[in-house]
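Undergrad: Okay, handing you the structure first.
The values are calculated or read from the model by the stated rules, or taken from the named source; none is laboratory data. All values reported here derive from a predicted model rather than from experimental measurement. All Cβ positions, even for glycine, are placed from backbone atoms using ideal geometry, and neighbour counts span all protein chains on display. Calculation scope for accessible area: heavy atoms of the full protein, side chains included, ligands and nucleic acids excluded. Shrake-Rupley method; radii C 1.70, N 1.55, O 1.52, S 1.80 Å.
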Amino acid sequence: MTPFHTEILTGSYEAAFATINRRFALQGRKAISMLTLFAGFASTVFWPLTQVLDTSLGWRDTYLLYGAFHLIICLPLHMLLGKEQARPISRQNAHRGHTLVEAIRHPAFWKLAIAFAANVLVFAALSVHLLPLLQELGHSAELAVMMAMLIGPMQVAGRVLERTVGRNCIPQTVGIFCFATLPAALTVIVLFGEQAWAVAAFCVIYGLSNGIITIVRGTLPQALFGSENYGSIAGAMAAPALLAKAAGPVVAALIMARQSDPSIILSILLGVAVLSLVVYLLAIRERIELKLGIASLPTPGATSPVASKEHESGL
């Protein structure tokens, strides 16, 4: 795993999404898609680069070098962002978004938080242990790296599909695809992991799922709870996922230390992925009210939420 993966695993996407939604409000989905589109090549570039640097410099100097990259390149770019006032929401979208207190009182909030946390736990575990797992399945280190390099381009391909094929789909529908394809990918590698074609299929499907779900994490809180308090709501929703990101690699390592058979940990991760899908499906069935009107969660496949007549009371 590279420092760039580590940065993503510690929540930099959430901070970027909050900034984008503050500046672009209801148009933030396009900006989020563009940001994640370029970030999808991180693993393609830095997995093989890290392997080369680790061999020639050692892991300490490699991390020091990446730390210098962050200070010299990333930090100045962040400083250039400066401060900017949030763009006002037009009157035609006058439904007041939820406050943080209102959001966390709603069952959908916690179901989504659990679903994202379970999904992220699988991603975090595989980000650290995928290469050794592939080698334990009988594949060479070179083949494992080559297959893992497919994930980055597939993340980009998934985000391109989201911007084109899925541009008119609501985030709830896009999320169904992401949460369903993760267990599908794990099923392939659990059943046929010793075959090279199965590893390639896993990396392709897994990359597509992970690429698009990053966009869903950034757009779904706004779609369900509004833009007004997006930062606080999305941050609170991400808290369980941050814990899962930290716990995933450790828990997987403990299981792998006790169970040498790679199919054991892969089967456990498959179960967690299925759990995330079920909880997500329950979450998007919940009814959510807006302050100046009642809006049911859009039925998957619809293009916009349907609001009823305005009223003065809240949740």
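Undergrad: Which condition from (1) open to solvent by 40 Å² or more (accessible area, probe 1.4 Å); (2) more than 15 Å from Gln172 (Cβ to Cβ); (3) modelled with pLDDT under 90 is the one that Val251 breaks?
TA: Result: Val251 passes all but (3).
Undergrad: So, in segment 123-139, exactly how many residues are touching a His at 6+ places or on another chain (Cβ under 6 Å) and among the aliphatic types (A, V, I, L, M)?
TA: 0
Undergrad: May I pose another question? For Leu208, are the conditions met, namely being within 16 Å of Ala125 (Cβ to Cβ) and touching a residue at least 40 places away in the same chain (Cβ under 8 Å)?
TA: no
Undergrad: Right, next: Any residue at all in segment 286-300 that's exposed (fewer than 14 other Cβ atoms within 10 Å of the Cβ) and either touching a Cys at 6+ places or on another chain (Cβ under 6 Å) or at pLDDT 50 or above (or both)?
TA: yes
Undergrad: Determine whether segment 66-83 contains at least one residue that is over 21 Å from the mean Cα position of the chain (by Cα), at pLDDT 85 or above, more than 30 Å from Pro249 (Cα to Cα) and charged (D, E, K, R).
TA: No: zero hits.
Undergrad: Keeping to segment 127-184, report how many residues are open to solvent by less than 30 Å² (accessible area, probe 1.4 Å) and closer than 26 Å to Leu224 by Cα.
TA: The total comes to 16.
Undergrad: Which pairs have Cβ atoms under 7 Å, sit 6 or more apart or on different chains, and link a residue in segment 146-170 that is farther than 17 Å from Thr181 by Cα to one that is open to solvent by less than 50 Å² (accessible area, probe 1.4 Å) and assigned to a loop (DSSP other than H, G, I, E, B)?
TA: Ile170/Pro298; Ile170/Ala302
Undergrad: Can you say whether Cys178 is among the hydrophobic types (A, V, I, L, M, F, W, C), in contact (Cβ under 8 Å) with a residue 24 or more places away in the chain and closer than 18 Å to Val279 by Cα, as far as the supplied structure shows?
TA: Yes.
Undergrad: Return yes when Thr187 is open to solvent by 20 Å² or more (accessible area, probe 1.4 Å), without any contact (Cβ under 8 Å) to a residue 12 or more places away in the chain and of a type in the set (S, T, N, Q) and no when it is not.
TA: Judged against the criteria, Thr187 is not a match.
Undergrad: Separate question: For Ser263, which of the numbered conditions (1) among the polar types (S, T, N, Q); (2) surrounded by fewer than 21 Cβ atoms within 10 Å (Cβ to Cβ); (3) at pLDDT 90 or above; (4) closer than 19 Å to Ala113 by Cβ fails to hold?
TA: For Ser263, the exception is condition (4).
Undergrad: Separate question: Give me the residue from segment 180-237 that is modelled with pLDDT of 85 or more and part of a loop (DSSP other than H, G, I, E, B) and, out of that set, nearest to Ile268 (Cα to Cα).
TA: Gly193
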